[in-house]
Amino acid sequence: VGANKPTDDERAACPHHLIDVAGANETYNAADWMRDAVFSIEELFGKDVNVKRNSDEDQEDSNLIEKDALESRRKRKKAIRHDINQAREQGSIPLDAPILPIVVGGTMMYLQWLVHGRPDAMRPTDEALERAASDIKNFQAMDGDTFDSTGDEEIEVKRESSQEEISDAALSTGWNAAVDYASSLGKPFKARVDKLCGKDWYRLRRILEVAYTAGAEKASEEQLQAVYSGERFGGLGMRGYDVRCFFLCPDDRLKHAEVIDRRCEDMLQRGLLNETASLSIAGELPDDGQPARAIGYRQTLDYLRRKDAKRQDNAAFNAYVNEFTTATRRYAKKQMGWFRKDEEFMFIPVSMSKPSQERVDEAANAILQLCKTPRNEYELELFSEPPKARETAGSKTKKSKGATDVDTDTLSLSAKTKLRNEKQGKDMKFYQGKRSDVPSKVIEEADASTAAIQGLKELPS
């Protein structure tokens, strides 16, 4: 429930891969996922496709990583190949027949690595990791914040000046002090700080980890410039694939926020509380693991472990649901901001006023047609002309915050969708969630799960 995996019926209708390839206790990061994703794509396409393969990369890495990690990588490859071959057999698809892979997800940095390639940042030392975590914690304490990680994500995009993106960082003493400090470590680090979107503690910590590893405080300017080359390696485009990327963008962000809230409530009704408690008690949700820090599990663990817990505590439960839904909406906002700045992603408008299945069918058909379009025509739609200033009084225009009126007649559908999405951000500050009535069974499950994770027979009244 917490991972929102496809249902058994969905997986039976269309084979899904790279699910359950790593356990919650395993170290599995963006580099691991990218490597497994590229391998899966190669297996689906077959050997006759003329692309650069990663078969030699394991051999190149064999002297650089621990033996156990290399063995784990090889076991995953074996399992992935078996999974794909089994799906081919069940679908009566010959082993050498190419299959078009469709990569689906929303973890921003993972997709960025797959499409554009992995960045050149050096691997931080244990000492740098510990020092950066301590420094970030001290800066956060100035604002009363806590570490908020939504994934192993390192941003590579420019800060937007819209109110939507900078509101979290405004009037934040600790954040501003941390930004100033990281920027003072050298020009390469200041350049990356300037690209952060909003109050992004996770990515700021990553910058400090690299700076400390490089010995930024004592290094020369020439040495600092060598820390980052700005190059990326191993992306799908570099390997010779015709990659087409799409972002399903809601045409009404207020209605989309309501959908997010309902989805969170649905997760509660499907057993998120009991699942979280059971996984934690069984040791399958370790506090230092990535799943325990993911949105949904993180808020649920905090709620189940709260002090002075009592039965039928509606105030505590409502606060928990508010934190859960708010964190999910914030992540959706971050996704929109991130992908608006990635020029490889085509924005497909999704009508929030239509029934769910109808809007899904419309979006799927739009993507299908764009995938059938010749590459040169596809790029004309993707890389449209930038917004042009209004030239005549009769032009259709839109006002973008901090910019002049632009003539939207010159924009592609994707560009118009991005512009509309950004403009709607300012209205989100007026959003007020509407909570559905919580079924009594969910409250009962909340009490039972709290008692179980705290080692109690039952909660006091």
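Sorted on the mean count of surrounding Cβ atoms within 10 Å across their residues, most packed first, peptides 35-43, 10-18, 179-187, 415-423 read 35-43, 415-423, 179-187, 10-18.
Applying a DSSP loop filter and a limit of 14 other Cβ atoms within 10 Å to the trypsin sites (Lys or Arg not before Pro) in segment 236-291 leaves Arg270. Surface composition of segment 203-357: carbon and sulfur make up 47 percent of the accessible area, probe 1.4 Å. Using only the C-alpha atoms, the convex hull of segment 183-262 corresponds to 157 Å³ per residue.
Order 320-327, 301-308 from most to least packed using the mean count of other Cβ atoms within 10 Å.
Details: 320-327: 18.9, 301-308: 14.5.
Ranked by mean Cβ neighbours within 10 Å, highest first: 320-327, 301-308.
Among the GluC sites (Glu not before Pro) in segment 211-251, those located in a DSSP loop and surrounded by at most 13 other Cβ atoms within 10 Å of their own Cβ are Glu217, Glu231.
Using the structure shown, list the pairs from Lys187/Lys416; Lys75/Lys333; Lys5/Lys426; Lys354/Lys429; Lys334/Lys372 with a Cα-Cα distance above 28 Å, or answer none.
Details: Lys187/Lys416 35 Å; Lys75/Lys333 37 Å; Lys5/Lys426 32 Å; Lys354/Lys429 24 Å; Lys334/Lys372 30 Å.
Checking Cα-Cα distances, Lys187/Lys416; Lys75/Lys333; Lys5/Lys426; Lys334/Lys372 exceed 28 Å.
Here the ratio of the Cα radius of gyration of segment 271-315 to 2.2 N^0.38 Å is 1.16. The relative contact order of segment 170-266, computed from alpha carbon pairs under 8 Å that lie at least 6 residues apart in sequence, is 20 percent. Separation of segment 6-46 from segment 253-277 is 24 Å, based on Cα centroids.
The values are calculated or read from the model by the stated rules, or taken from the named source; none is laboratory data. Quantities reported herein were computed from a predicted structural model and do not represent experimental measurements. Cβ coordinates were reconstructed from backbone atoms using ideal geometry, including for glycine residues, and neighbour counts include every protein chain displayed. Heavy atoms of the whole protein, side chains included, go into the accessibility calculation; ligands, DNA and RNA do not. Shrake-Rupley method; radii C 1.70, N 1.55, O 1.52, S 1.80 Å.
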